[in-house]
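Enquirer: Below is one structure. I have some questions about it.
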Amino acid sequence: MIYGSLLRLFFNNFIKILPTIYLEEMFYQIGRMLGVRSFTCERDLGLFEGSINDNAVHRYYLRHGSWAPSLQYLISTLFANGPGTFIDVGANIGLTTIPVAQNNDKLSFYAFEPESNNYSYLRKNIIANGLESKIKTFNLALFSEDCNLDMELSTDNMGDHRIRRQSVANSQGNYYNEQSRPTVKIQARKLDSILNVHDLIKPIIMKVDTQGAEVRVFSGAKSFLEAVDYLIVEYWPYGLRRMGDTTESLFAIISQFHWGAVYDDAVLSMPKLAPIKQFLAHINAYLDKTGVGHLDILLARHPMPH
């Protein structure tokens, strides 16, 4: 009994002097040893469950208590607390859609996530945060055609699962050792065959983060894209190449918008929009020289929200 009390006393005091980063690593290591597959944490944005193997999205939320604050500020500002529609393509576990839905009762939400585990967490997180009636979800990839696809799975970054186009991927680089990743079959649909954009409340804001498949998403959403007011998209030349696409093909599609800007996720302010031709002419100057960098882009049909 005495030894047990001393041991507990020592352990409690030992824990108090450990830096948080070490406690976090101990938590992950012990959890994995015990066969824990997922865990739930409640931080600033609400209650979220995610994979214990996710060293990117969910781990960031556990450590920092937030996720993409500039993106959430941007979306909220564009909607300006009014009615509208938010389309989240590549919703992951909901860390973008759910906080926006919590703060605006007038919006309609559609969230697309193709990977089955992420989708399961997305559904659980929507329910846990009391938003089941507000967010319509789809366990689908959006693509240029209705088909089945191979998705390569990252083992430690659940935001980096990607569609694999085997015919071109081998010749376009293996920077992240993608060829060793396991794959699963997923279902893909054209957005134009799922939603009628004319039935949606405007303004329409669409966020697309599909790890290089953006051109394929837009090719299956030609009618839909014409009615989108604001498009938030990841520009990742390496990912585009591995899908067999080019920066020029992406630029040709997004040039239908009138304004563009790169936004910094560390800055809580509206980015300065530039005319689209000027913006596209200079966009690559923002990228680093490694060839694998990416940018977050805002495209608009209006110079300012209204």
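Enquirer: Sort through 172, 179, 166 and tell me the only one that's crowded, with 16+ Cβ neighbours inside 10 Å, modelled with pLDDT under 95, closer than 29 Å to residue 238 by Cα and among the polar types (S, T, N, Q).
Expert: Going through 172, 179, 166 in turn, the sole match is 172.
Enquirer: Hey, another quick one. Go through 253, 232, 276 for me and flag whichever is touching a residue at least 12 places away in the same chain (Cβ under 8 Å), under 23 Å from residue 68 (Cβ atoms) and aliphatic (A, V, I, L, M). Step through it out loud before you land on a result.
Expert: On the way: 253 fails: under 23 Å from residue 68 (Cβ atoms); 276 fails: under 23 Å from residue 68 (Cβ atoms).
That would be 232, the only listed residue that is touching a residue at least 12 places away in the same chain (Cβ under 8 Å), under 23 Å from residue 68 (Cβ atoms) and aliphatic (A, V, I, L, M).
Enquirer: May I pose another question? Give the residues of the stretch 73-101 that are outside any loop (DSSP other than H, G, I, E, B), closer than 20 Å to residue 136 by Cβ and under 16 Å from the mean Cα position of the chain (by Cα), sorted by residue number.
Expert: Once the filter is applied, which keeps residues that are outside any loop (DSSP other than H, G, I, E, B), closer than 20 Å to residue 136 by Cβ and under 16 Å from the mean Cα position of the chain (by Cα), the stretch 73-101 yields 75, 86, 87, 88, 89, 97, 98, 99, 100, 101.
Enquirer: Now a separate question. Out of (1) surrounded by fewer than 20 Cβ atoms within 10 Å (Cβ to Cβ); (2) under 30 Å from residue 32 (Cα atoms), the odd one out for residue 151 is which?
Expert: So residue 151 meets the others, but not (1).
Enquirer: On the given criteria, is residue 239 touching a Lys or Arg at 6+ places or on another chain (Cβ under 9 Å) and not in a helix (DSSP H, G or I)?
Expert: Numbers: touching a Lys or Arg at 6+ places or on another chain (Cβ under 9 Å): yes; not in a helix (DSSP H, G or I): no.
Taking the combined requirement at face value, the residue does not satisfy it.
Enquirer: Please state which one of 252, 300 is at pLDDT 95 or above, surrounded by fewer than 17 Cβ atoms within 10 Å (Cβ to Cβ) and small (Gly, Ala, Ser).
Expert: On the way: 300 fails: surrounded by fewer than 17 Cβ atoms within 10 Å (Cβ to Cβ).
It is 252.
Enquirer: Here's a check for you: in the stretch 103-132, which residue that is out of contact with any Lys or Arg (no Cβ under 9 Å at 6 or more places or on another chain) and surrounded by fewer than 15 Cβ atoms within 10 Å (Cβ to Cβ) is nearest to residue 221 (Cα to Cα)?
Expert: Result: 116.
Enquirer: How about the stretch 108-166: which strands (runs of 3 or more DSSP E) wholly inside it have at least 1 residues that are touching a strand residue (DSSP E or B) at 6+ places or on another chain (Cβ under 6 Å) and farther than 25 Å from residue 202 by Cα? Step through it out loud before you land on a result.
Expert: Numbers: elements: 135-138, 147-152, 162-164.
Fully inside the stretch 108-166 and qualifying: 147-152, 162-164.
Enquirer: Something else now. Go through the stretch 249-290 and report how many residues are more than 21 Å from the chain's Cα centre (by Cα), in a loop (DSSP other than H, G, I, E, B), of a type outside the set (Phe, Trp, Tyr) and within 16 Å of residue 234 (Cα to Cα).
Expert: 2
The values are calculated or read from the model by the stated rules, or taken from the named source; none is laboratory data. The shown structure was predicted, so the numbers you read here are calculated from the model rather than taken from an experiment. As a convention, Cβ positions derive from the backbone with ideal geometry for all residues, glycine included, and neighbour counts pool all protein chains shown.
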